[in-house]
Amino acid sequence: MNFKNLKQMKLNKLKTLALASLLLGSVSCQRYLDEPQPTNEISPSLVFASIENAEANLTGITSLLRGDNETYISTTVDATNLGSVYFARTVRGEDFIVLSNWFAGDYSNTNRISIYRRAKFTWEYFYKIIRQCNEFIDGVNKSSNIADTQKKSLIARAKVLRALSYFEVVQDFQLGYKYAKDLPAVPIYNSYSTKAQPLSTTGEVYNFITNDLETALPDLSYSRISKAFVNKQVAYAIAARVYQVKENWQKAAEYAKLAYGGTVSSALNAAEYAEGFKKLDSQEWILGYGQQAGQSITWSQAPHSFTDLSFENDGYSNTYVSKSLYDLFSDTDVRKLFDVNPSVNNHTKYSTYKFTFNKDASACPYIRTSEMILIEAEAKYRLGQESQAKDLLFQLQQNRDPKAVKSANTGEELFEEILIERRKELYGEIGVELYDARRLSLPLKRSSWHPVSLSFEINDKKIIYQYPQQEIDANPYLSTNINSDR
């Protein structure tokens, strides 16, 4: 959070929708229902003058998950939204290859440096959401025009967005929870403030995240306008991820099951997997974003714009996949969505059409039910319930591949199979290789298939970002040499 800029902001300004209060009054307005819309500035007295206006403001904050239109979209194609964050993690692993242009600096792991875009964007983006959530929570609490029962739902949803933002930013600026629990990570701001805060430890940040989620859950409902909005299911899903990282396996299993609904067959749809990951209302999606002409982030859609190499795609088409990823799949697996160039035998041989790009219509998932099933499977394994872990794993595998055979693995071999299944299921989506390497303190090394070599040792600080220079300059609690060992 850049406090030099923040102090210059007028405290009587908040982000909201210029027309959203009118749109909220008419649920038949399809343009509003399709997707959260961008925001304009109006005074807090109007923002919190009614439940309708407060809902509109919260919609504006939620729209940042799709893209920060004001700051980034017009200038930086690879630094736009949560999808940009996830894809930057994705291309630092084994499975994807970026030849040039956008995300190439992430692929080479040079964009992590303090003065470069990735570190700067990631920090600013999540702290912008956090700041706006804090402003919103403070404003709702102080409002005399919103009923107490209505305040609970508003605040709960803002807490979910704040928790998600802290969860993402702490992963990119400190090592995994198990290793770094007592190490300084990122500052915590629990209310709107222009005063800089020191770095809290990783453990303190995770405690703040879990408190936000646990206190929000009782006041959340399952209803929502679309899957671009947070609700109780989304909160359970985020909490399942958080407890997975914290290795609270009882909670991880419980919340993952609540997030996907408890019945694997009802939570999955194999046919949709091969439809291009472009429909916000897809059965398996828990949270994502959609768009339409006039409300689009156009070529900034990661991974779609970068991985879709089809002739019809007018995106950047600069990303290939590794042979090791291709080799994981049987020919009967619905997830084997790869094109093969028989005329070459190098890093451009394989590409994926998992994500279909359309600059005005593509959608993107941030959380899906299958991830929750695999979190529950891992949790069951960790709790010593291997039979249940195998059952869950096989139900997913059989849904994806009719010729799948139930695992006979036990112990570490079963655990490794679960991790491989996460890689197969989630490739290109959330940066699963980096996510697992960080939380489990695992090494990660690229194969020789890649034109750019990269390896991370166990708890290697090269796997996280340096603190951005503008934060070092603005926050007196950060020493000028804080990045010396990063």
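Coordinate-derived values only; no laboratory data. Since we're looking at a predicted model, the values are computed, not measured. Every residue, glycine among them, receives a Cβ derived from its backbone with ideal geometry; neighbour counts consider all protein chains shown.
Brief remarks follow.
- In terms of the mean number of neighbouring beta-carbon atoms within 10 Å, the peptides 206-219, 113-126, 467-480, 361-374 order highest first as 361-374, 113-126, 206-219, 467-480.
- Reciprocal mean inverse distance between Cα atoms of the range 422-486 - Kirkwood radius, Å: 14.1
- Placing unit charges on the Cβ atoms only, positive for Lys and Arg and negative for Asp and Glu, gives the range 252-292 a dipole magnitude near 40 debye about its Cα centre.
- Taking the centroid of alpha carbons for each part, the range 192-245 and the range 130-152 are 16 Å apart.
- Whole-percent pair-distance distribution, where bins are 10 Å wide, for the alpha carbons of the range 189-263: 18, 43, 28, 10, 1
- Dipole moment magnitude, nearest 20 debye, the chain about Cα centre, only Lys, Arg, Asp, Glu C-beta charged: 880
- Interatomic Cα distance distribution for the range 187-340, bins of 10 angstrom, percent: 9, 25, 30, 27, 9, 0
- For a modelled paramagnetic label at Gln388, 7 Å from Cα along Cα-to-Cβ, the residues of the range 247-270 in reach, with backbone nitrogen under 17 Å, are 247-265.
- Crossing angle, helix 386-400 versus the chain [Cα axis fit, 0-90 degrees, rounded to tens]: 90
- Surface/4 estimate of mean projected area, convex hull on alpha-carbon atoms of the range 349-475, nm²: 12.2
- Of the options (i) -0.34, -0.58, -1.09; (ii) -0.41, -0.65, -1.03; (iii) -0.54, -0.86, -1.25, only one is log10 I(q)/I(0) by the Debye sum over Cα atoms at q = 0.07, 0.09, 0.12 Å⁻¹ as computed from these coordinates, and that is (i).
- Coupling constants for the range 468-481 follow from the phi torsions by the Karplus curve (6.51 cos²θ - 1.76 cosθ + 1.60, θ = phi - 60°), and in residue order they are x, 4, 5, 6, 4, 5, 8, 9, x, 7, 9, 6, 5, 9 Hz; glycine and proline get x.
- Applying 0.36 nm per residue to the separation of Lys406 and Lys195 and subtracting their alpha-carbon distance, the gain on full extension is 70.4 nm.
- Taken about its Cα centre, the range 139-193 carries a charge dipole of roughly 240 debye when the Cβ of each Lys and Arg holds +1 and the Cβ of each Asp and Glu holds -1.
- Taking the square roots of 5 times each eigenvalue of the Cα gyration tensor of the range 62-207, largest first, gives ellipsoid semi-axes of 30, 19, 13 Å.
- Restricting the calculation to alpha carbons of the range 255-408 gives Rg and Dmax of 17.2, 52 angstrom.
- With the helix formula -39500 (n - 2.57) applied to DSSP H stretches of n ≥ 4, the chain reaches a computed 222 nm mean residue ellipticity of -13000 deg cm²/dmol.
- Between the range 412-435 and the range 341-384, the C-alpha centres lie 10 angstrom from each other.
- Its Kirkwood hydrodynamic radius, worked out from the mean inverse distance over all distinct Cα pairs, puts the range 320-397 at 15.2 Å.
- Using a simple spin-label model with pseudo-atoms 7 Å out from Cα toward Cβ, Glu413 and Asn341 lie 3.9 nm apart.
- Measuring nothing but how far apart in sequence close Cα pairs (under 8 Å, 6+ apart) lie, relative to its length, the chain scores a relative contact order of 19 percent.
- Length gained on full extension, Glu214 to Ser266, computed as 0.36 nm times the residue gap minus the Cα-Cα distance: 16.1 nm.
- Translational diffusion coefficient (Stokes-Einstein; Kirkwood radius from C-alpha pairs) of the range 86-167 at 20 °C, 1.002 mPa s, in µm²/s: 142
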